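First up is the structure itself, then whatever we jot down about it.
Read-outs: derived from the displayed coordinates by stated rules, not from any lab. All of these numbers come straight from a predicted model, not from anything done at the bench. Because the Cβ atoms are built from the backbone with ideal geometry, glycine has one as well, and the counts that use them run over all protein chains shown.
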Amino acid sequence: MNQLESKVAVITGAGSGIGAATALLFAAQGAKVIVSDINEQACQDVTKQILLAGGQAYAVKTDVSDPLQCEALVAEALKQYNKLDIAVNNAGIGGESNATGDMSIEGWNKVIAINLSSIFYCMKYEIAAMLSQGGCIVNMASILGQVGFANAAGYVAAKHGVIGLTQTAAIEYAARNIRINAVGPGFIETPLLTAAGMDDTMKRQIATLHPIGRLGRPEEVAELILWLSTAKASFVNGAYYPVDGAYLSR
């Protein structure tokens, strides 16, 4: 059964990793997907995969740290498909690795802009598009939205902020039939880890922090996002769901 038949979804950071897995899963479940990423070629590649599989998708290059581009992204969804039912605000970066006192101002500003401010920008326009018929928003937090992690002050602060922003907006728009939730992945095998400079040895070490004994897979996070985006989660609102192999249970 296509759980998202006739639904229109915007997914940011959909060119790779969790975003790409979510875009492919949503399309397979019947959604019309706006595939958004700052990497235009990656957008096109994921969109092509969806189209070749018989799904519906449209690629939009977006720098989510720019509020005007976030507004344009939602406008493009409305232009292409006339409505917006689901938004997955997934785009993010690992950011600068440094102790708090050594982190550069530029590094702090960049990770906050991409990992936190962008969630506000996107929600601002997504909510406006959903007010007439309701909808569902899933924001990408992290296990590091609940705990600290050395040398990642900007990332940790941003992800804590995502959870607070999610909860606040959920309260504000619950009566308008807009559900807003957050997911908190553990360390997932995605290009983000490689971009953070992790080699295979470091990945094995990080994997040991998860009692399940391995890194997560993008598809495992996508399945949770799918559930949150369906009527099966109709009473789930303002929640934070870890998907972390028991990392937070240590």
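Once the convex hull of the alpha carbons of the stretch 181-229 is built, what does its volume come to per residue, in cubic angstrom?
Per residue, the Cα convex hull of the stretch 181-229 comes to 84 Å³.
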Seminar exercise, completed: Given backbone amide H placed at 1.01 Å from N, residues whose amide H is under 5 Å from that of ALA91, ignoring those fewer than 5 places away on the same chain, are THR12, GLY13
Problem set entry | For ASP244, residues with placed amide H under 5 Å, excluding near neighbours | GLY186
Exercise. If you wrap a convex hull around the Cα atoms of the stretch 8-249, how much volume per residue is inside, in Å³?
Worked result: 118
Exercise. What percent do you get for the relative contact order of the chain when only Cα pairs under 8 Å and 6+ apart count?
Worked result: 19
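Mind sorting SER132, SER97, SER229 by how few other Cβ atoms lie within 10 Å of their own Cβ, fewest first?
By the 10 Å Cβ count, ascending: SER132, SER97, SER229.
Please return the longest range in the chain lying between exposed loop sites, taking chymotrypsin sites (Phe, Trp or Tyr not before Pro), DSSP loop only, at most 16 other beta-carbon atoms within 10 Å, and leaving the sites out.
1-148
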For this session: Rounded to the nearest 0.05, what FRET efficiency do GLU5 and ALA196 give with R0 = 45 Å and r taken as the Cβ-Cβ distance? Could you check?
Result: 0.75
Exercise. Which of ASP63, ASP244 comes first, and how do the rest follow, when ranked by fewest Cβ neighbours within 10 Å?
Worked result: ASP63, ASP244
Exercise. Ranked by Cβ crowding within 10 angstrom, fewest neighbours first, how are MET103, MET202 ordered?
Worked result: MET202, MET103
